[in-house]
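Notes for the one structure printed next.
The values are calculated or read from the model by the stated rules, or taken from the named source; none is laboratory data. Values in this document were obtained by computation on a predicted structure and should not be read as measured data. Because the Cβ atoms are built from the backbone with ideal geometry, glycine has one as well, and the counts that use them run over all protein chains shown. Surface areas here come from the heavy atoms of the whole protein model, side chains and all, with no ligands, DNA or RNA. Shrake-Rupley method; radii C 1.70, N 1.55, O 1.52, S 1.80 Å.
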Amino acid sequence: DVKVTQSSRYLVKRTGEKVFLECVQDMDHENMFWYRQDPGLGLRLIYFSYDVKMKEKGDIPEGYSVSREKKERFSLILESASTNQTSMYLCASSSPEGQGFDEQYFGPGTRLTVT
Amino acid sequence: AQSVTQLDSHVSVSEGTPVLLRCNYSSSYSPSLFWYVQHPNKGLQLLLKYTSAATLVKGINGFEAEFKKSETSFHLTKPSAHMSDAAEYFCVVSADTGRRALTFGSGTRLQVQP
């Protein structure tokens, strides 16, 4: 079974702090994704990566950055956390195109509260 | 561009009665369509997937969905609800061939009454 793990289930940070959310997958997937989930809005894509050191902006990249130094690890960085970034953050991974790349496997999520 | 509309934010059914969760999509390409389920405090799990083969797709836990191109719909059904079906369900589309990301609907929370 594919396993996607996230470093924390719950995190509380103060406004202005730099925040790192880590995600690791164990299935050698090329593609990795970061979403945020808010009530009534579903999941919205922040950033994704289709290879080591490659990244693309999603629908809501403002206030976030990412890092992918190793294939199995994809980090989301909040350079200066703000209260409107309080949310549930979900990481996902998928296989390359042509091998069922559409199907994404999700981690359990990190609930971040910024006070 | 692609989009997904889930027509009901909340659905409540009695145990043993049918479930219908409605989803309409918009896409410039031939879409792949999915339903994901999220149980409380759990990650998202794929229920089923449509990729232009059979229009009636069977998934896990007795769920199925029918792709209707003329209606641009992909409704999720189950003949008989179980208490364990209580969760949030997301309809998802993947059709922009230049991106590898998914577009999620806003979700439907299913309540199952005893």
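Values as computed for the structure displayed
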read-out: Test: residue in the stretch A:103-112 that is open to solvent by less than 20 Å² (accessible area, probe 1.4 Å), more than 12 Å from every other protein chain (Cβ to nearest Cβ) and not in a loop (DSSP other than H, G, I, E, B); value: yes
read-out: Filter result for B:LYS42 (under 16 Å from B:THR103 (Cα atoms), within 11 Å of another protein chain (Cβ to nearest Cβ) and open to solvent by 20 Å² or more (accessible area, probe 1.4 Å)); value: no
read-out: Subset of the stretch B:52-69 (residues that are part of a loop (DSSP other than H, G, I, E, B) and closer than 11 Å to B:ASN24 by Cα); value: B:LYS69
read-out: Filter result for B:ALA95 (loosely packed, with under 14 Cβ neighbours inside 10 Å and modelled with pLDDT under 95); value: no
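For every residue, the table says whether it meets (1) out of contact with any Pro (no Cβ under 7 Å at 6 or more places or on another chain); (2) in a loop (DSSP other than H, G, I, E, B); (3) over 25 Å from B:VAL93 (Cβ atoms); (4) touching a residue at least 60 places away in the same chain (Cβ under 8 Å).
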{"residue": "A:TYR35", "(1), (2), (3), (4)": "yes, no, no, no"}
{"residue": "A:LEU43", "(1), (2), (3), (4)": "yes, no, no, no"}
{"residue": "A:LYS53", "(1), (2), (3), (4)": "yes, yes, yes, no"}
{"residue": "A:VAL66", "(1), (2), (3), (4)": "yes, no, no, no"}
{"residue": "A:GLU69", "(1), (2), (3), (4)": "yes, no, yes, no"}
{"residue": "A:SER75", "(1), (2), (3), (4)": "yes, no, yes, no"}
{"residue": "A:SER93", "(1), (2), (3), (4)": "yes, no, no, yes"}
